[in-house]
1. In the range 472-495, what count of residues is obtained for those that are in a loop (DSSP other than H, G, I, E, B) and either open to solvent by less than 10 Å² (accessible area, probe 1.4 Å) or not hydroxyl-bearing (Ser, Thr, Tyr) (or both)?
2. Give the range 597-617 a look and list any residue that's part of a loop (DSSP other than H, G, I, E, B) and either touching a His at 6+ places or on another chain (Cβ under 7 Å) or surrounded by 11 or more Cβ atoms within 10 Å (Cβ to Cβ) (or both), or say none.
3. Taking the conditions exactly as written (in contact with a helix residue (DSSP H, G or I) (Cβ under 6 Å, 6 or more places away or on another chain) and open to solvent by 50 Å² or more (accessible area, probe 1.4 Å)), does LEU386 satisfy them or not?
4. Not in a helix (DSSP H, G or I) and not hydrophobic (A, V, I, L, M, F, W, C) - does that describe any residue in the range 432-441?
5. What's the total number of residues in the range 544-588 that are open to solvent by 50 Å² or more (accessible area, probe 1.4 Å), within 27 Å of VAL137 (Cα to Cα), in a helix (DSSP H, G or I) and without any contact (Cβ under 8 Å) to a residue 60 or more places away in the chain?
6. Can SER610 be described as hydroxyl-bearing (Ser, Thr, Tyr) and closer than 15 Å to PHE110 by Cα?
7. With the requirement that a residue be open to solvent by less than 50 Å² (accessible area, probe 1.4 Å), touching a residue at least 40 places away in the same chain (Cβ under 8 Å) and among the hydroxyl-bearing types (Ser, Thr, Tyr), what does the range 511-543 give you?
Amino acid sequence: MADSENKNGEIRVNSGFILSQPAMKTPIPETTEEMNEKKAEDGKPQRAMWGNQLEFLMSCIATSVGLGNVWRFPFVAYQNGGGAFLIPYLVVLILIGKPMYYAEVVLGQFSSRNQVKVWVLAPAMKGIGYAQTLVSVYVLSYYVSIIALCLYFFSMSFNSTLPWAVCEPEWENCVPSGLTENVTLTSNSTSSAELYFTRTVLQQFDGIEGGLGLPLWYLTLCLLASWSVIFIIVSKGVISSGRASYFLAIFPYVVMIILLISTAILPGAGDGILFFLTPQWDRLLELGVWYSAVTQVFFSLTVCTGPILMFSSYNSFTQNVYRDAMIVTTLDTCTSLLSGLTIFGILGNLANVLQRPVGEVIGSGGTGLAFISYPDAIAKTFQPQLYSVLFFLMMLVLGIGSAVALLTAVNTILLDAFPHVPTIIMSAISCTSGFCLGLVYVTPGGQYILELVDYYGGTFFALFCGIIEIVGLFWIYGLENFCLDIEYMSNRKTSAYWRLCWGIITPAILIFVFIYALVALDALVFGENYIYPTMAYVAGYLILGGGIVLVPIFIFIIMYKNRSAGSFRAILKTSFKSKSSWGPRDAHHKNEWILFKENAKMERQKMRTSWFKHIWLSLTGGYRRNM
């Protein structure tokens, strides 16, 4: 909760709601810790910057437009009523996705700090930054193994006959995926695409009770190649990743447009597209659909995990970040819709070939959608090799773009902590560690672990980080303070839409969805019916709990460091109040910002007559309307 100020200038902790700590009057004497921090920061080498504004925009596009748009979004839409899912998805994007994305790019650009150091604005909340970094580590650990699978399927696409389009002699009840006529199915029939993925590629165990097995050599080579490409891109920091972003951001659209045009002319494609766009209105009343929309927006935009804030921290202070945020979030949505039209067009053609309803042609989600359902559909097209090469090349580029962002977010933390370590050395250490960690996912039992880490350490954990981030930023640092920072940096007043979303609507929806997820979600099941052993669920909750506990741990640590402040109330105030080092990195901008906030505070005191009026004026922008 925000602090409030009485007539004597004293601060009352936790008596307020969202809005603001008092703006700075005169510089507060710095503690020894703050002076040491300032000296350390002043002694650092000049922080890297983007070569130009377009590199930042392209990097954000490459980050947010990833595998989640192509294989996760269509399947989530399929599971949640097709067109009915699009409505909550767009509502959630407007009320949560865009506000969270805009807040993160503003925060990074204003402070020029990473997701950990930025919390000098509310020191006790520093654990949020480490929790978000841990989300990036969790996701990155399995994300590159999916890229490795894309690389393997890409290489296999150059065979004269796609290996998953035909059955091997030892496969019982196998139906060739390349067969387009006289298809005879029974209750035990399994497509060759599924058998190829599970038996040939993964050599998947029936469970993990007996262990995971050793890494498969061919997937290990693909994993090594994937990490090597990522290392080359990040080896020189934002200089190299910025240049690569042009290709990583633009090329997938070329492929998607080619696939969409090719798909649209296939027999039955229109039925699949209509299934995607036609809503099932009764599904709108299901809370699970809204939960899926929230998690998809988080996964797709990569908010609350660090990369977006980190990328914007390399911007020039005056860049038009509002424009960039609107472009990326809108483009991300258009990409999801574009991929949905393409994928459902392919599935409509598959339904036409199999003489089935569109709703019965997808066998499984997750990695299975990318490596079973899509290959099965591609094998039935009139140019399967061409479709396969284009599709998996697109998947490779999309995956690498997002992986580069996640790794750069982790690298930035390390480089800011150890500024004298060359970027190329830090990148080599990070990539080598990631490769070693990723070996667990290329074992015969690796997919079980992937689902476990994704479920407990990915989306659900990111949702928690989002709630805590918005509480720390708008309820502790203060909504009015944040909006003043935006106004000073960009000379743009913040409208009531953003203020209402940040102050009430976004946190309310996120908290409600999080509580719903805790109460309503069932235990994780792999595939259709595999129940994990008890120790696996224990490990999953440890993955989740190990991240959540970082927030209270750092609150305790910071309060303990400030124990000399006196009473508990004084300790609380000191621990949650912004440090004197908070503000723009440039000294000239910081001095101007302090004066700007002093003037804003004086004008605010003239208008404020009660606490409730203060809340209303902050939520509606009334303080700055005539300024």
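1. Counting residues in the range 472-495 that are in a loop (DSSP other than H, G, I, E, B) and either open to solvent by less than 10 Å² (accessible area, probe 1.4 Å) or not hydroxyl-bearing (Ser, Thr, Tyr) (or both) gives 3.
2. The one that is part of a loop (DSSP other than H, G, I, E, B) and either touching a His at 6+ places or on another chain (Cβ under 7 Å) or surrounded by 11 or more Cβ atoms within 10 Å (Cβ to Cβ) (or both): ARG608.
3. no
4. The answer is no, given that none of the residues of the range 432-441 is not in a helix (DSSP H, G or I) and not hydrophobic (A, V, I, L, M, F, W, C).
5. 2
6. no
7. TYR530, TYR532
Residues are listed down the side, and each one gets a yes or a no for (1) hydroxyl-bearing (Ser, Thr, Tyr); (2) at pLDDT 95 or above; (3) more than 16 Å from CYS304 (Cβ to Cβ); (4) more than 17 Å from the chain's Cα centre (by Cα):
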site	(1), (2), (3), (4)
TYR89	yes, no, yes, no
ILE94	no, no, yes, no
TYR101	yes, no, no, no
GLY127	no, no, no, yes
GLN132	no, no, no, no
SER136	yes, no, no, no
VAL139	no, no, no, no
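The values are calculated or read from the model by the stated rules, or taken from the named source; none is laboratory data. Here the structure is a predicted model, which is why all the values come from computation and not from measurement. Heads up, the Cβs are rebuilt from the backbone with ideal geometry, glycines too, and the neighbour counts pull from every protein chain shown. Areas reflect the complete protein model, heavy atoms only, side chains present, ligands, DNA and RNA absent. Shrake-Rupley method; radii C 1.70, N 1.55, O 1.52, S 1.80 Å.
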